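Structure first, then comments.
The values are calculated or read from the model by the stated rules, or taken from the named source; none is laboratory data. No experiment lies behind these values; they were computed from the predicted model shown. Heads up, the Cβs are rebuilt from the backbone with ideal geometry, glycines too, and the neighbour counts pull from every protein chain shown.
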Amino acid sequence: MSHQIHTMNVGTATVTTINVGDVRIRLADLLVIPQEERTVALMAPIEQPARFPTQCFLLAFKGAAVLIDACEYTSSFPPTSPYSLPNYELPPDLITQLHQQGVKPADITHVIITHAHFDHYSGTTIERAGQIVPAFPHARYLLHRADWELPNMQQALQDHTSPQYRTLGVLHQAGLLELVEGPFEPLAGLTLLPAPGESPGHQIVRLHSQGQTLYCLGDLYHDPVEVEHPTWMSTWAEPTQTLRSRQTLAEAALGEQAQLCAAHIPGFGRLDLVCGQLKWRSLLP
């Protein structure tokens, strides 16, 4: 997987992908697939391990610098993780790649956490002089209340050594974590929309500027195969909510001819309807 930076203009906004590192996933292990759909032709490509990016997204819009998700790769995917690649040479970390785009941590105005899975918020804090501090000191950190209030999250936050406390807990103690319930508009033209299923508080981001629209999808889809087969979803997802969230997004994205980006699908894409079936069309050159 290339670590090349991809940039998309959406009206007056600029959206940039930042891949902090690839992971290895065998989709046949990740997805629940109805038995009647398990044909040889469909299963063969997803039985093989494949590489997927771990992407965060930088939005430059209306004088703000908005980061969608913040991943610190090594804590999210240590060498013991089943998703780690052996002998893998990591790209520069998130903060270094932001510097390469001319953006300092203090420039970030908003960090939108699409959902409370650790690889989407592990980079929200950083250790400095032996202390865990917010990585983006001037930002508002936006998390859906439903994920914060999960019993296992609240239990983890009581342990000051837990990854949850050392990230979200630190932000909460600093008064920087804002619990939202959607739809929520942190900036005119930028809206957080509930899309539950992957987690109870999973949210997607709609950016609209000068008649153009982009949706940042978090983990609504992990791979284009889920676009074509919307009932295929991760083993931990809530099926009814996930399907409803996907249907709602597909209807909106098709109607608006929207551009799309997702955490683990390279670059940008859009949805097409081909002979009645949804397809993901990559916009990579």
- Query: Which ones in region 245-273 are in contact with a strand residue (DSSP E or B) (Cβ under 7 Å, 6 or more places away or on another chain) and part of a helix (DSSP H, G or I)?
  - Reply: 249, 250, 253, 254, 256
- Could you check, for region 225-236, whether at least one of its residues is crowded, with 21+ Cβ neighbours inside 10 Å, charged (D, E, K, R), under 18 Å from the mean Cα position of the chain (by Cα) and over 11 Å from residue 197 (Cα atoms)? yes
- Task: Would you mention how many residues in region 75-95 are among the β-branched types (Val, Ile, Thr), modelled with pLDDT under 95 and surrounded by 15 or more Cβ atoms within 10 Å (Cβ to Cβ)?
- Result: 0
- Task: Kindly indicate whether any position in region 187-198 is acidic (Asp, Glu), in contact (Cβ under 8 Å) with a residue 12 or more places away in the chain and in contact with a Ser or Thr (Cβ under 8 Å, 6 or more places away or on another chain).
- Result: yes
- Candidates 199, 162, filtered to the one that is buried (at least 21 other Cβ atoms within 10 Å of the Cβ), assigned to a loop (DSSP other than H, G, I, E, B) and of a type in the set (Gly, Ala, Ser): 199
- Subset of region 96-147 (residues that are of a type in the set (Ser, Thr, Tyr) and either touching a strand residue (DSSP E or B) at 6+ places or on another chain (Cβ under 7 Å) or buried (at least 17 other Cβ atoms within 10 Å of the Cβ) (or both)): 109, 114, 121, 122, 124, 125, 141
- Of those in region 238-252 that are surrounded by fewer than 21 Cβ atoms within 10 Å (Cβ to Cβ) and of a type outside the set (D, E, K, R), the residue farthest from residue 27 (Cα to Cα) is 252
- Query: Would you say residue 242 is in contact with a strand residue (DSSP E or B) (Cβ under 7 Å, 6 or more places away or on another chain), over 21 Å from residue 14 (Cα atoms) and hydroxyl-bearing (Ser, Thr, Tyr)?
  - Reply: yes
- Message: Restricting to region 9-59, and then to whatever is among the small types (Gly, Ala, Ser) and within 30 Å of residue 95 (Cβ to Cβ), can you tell me which residue is surrounded by the most Cβ atoms within 10 Å (Cβ to Cβ)?
- Response: 21
- Task: Would you check which residues across region 177-196 are closer than 29 Å to residue 11 by Cβ, hydrophobic (A, V, I, L, M, F, W, C) and buried (at least 19 other Cβ atoms within 10 Å of the Cβ) and list them?
- Result: 180, 190, 192, 195
- Task: Could you please give the count of residues in region 72-95 that are closer than 15 Å to residue 127 by Cα and either aromatic (Phe, Trp, Tyr) or free of Cβ contacts under 8 Å to residues at least 24 places away in the same chain (or both)?
- Result: 2
- Item | Of residues in region 199-237 being acidic (Asp, Glu) and in contact (Cβ under 8 Å) with a residue 60 or more places away in the chain, the one farthest from residue 28 (Cα to Cα) | 219
- Message: Take the residues in region 60-71 that are out of contact with any helix residue (DSSP H, G or I) (no Cβ under 6 Å at 6 or more places or on another chain) and free of Cβ contacts under 8 Å to residues at least 60 places away in the same chain; name whichever of them is surrounded by the fewest Cβ atoms within 10 Å (Cβ to Cβ).
- Response: 63
- Item | Sole residue being modelled with pLDDT under 95 and either polar (S, T, N, Q) or within 19 Å of the chain's Cα centre (by Cα) (or both), chosen from 54, 39 | 39
- Apart from one, (1) touching a helix residue (DSSP H, G or I) at 6+ places or on another chain (Cβ under 8 Å); (2) assigned to a strand (DSSP E or B) all hold for residue 186; the odd one out is (1)
- Message: Residues to consider are 99, 115; find the one that is outside any strand (DSSP E or B) and within 26 Å of residue 179 (Cα to Cα).
- Response: 115
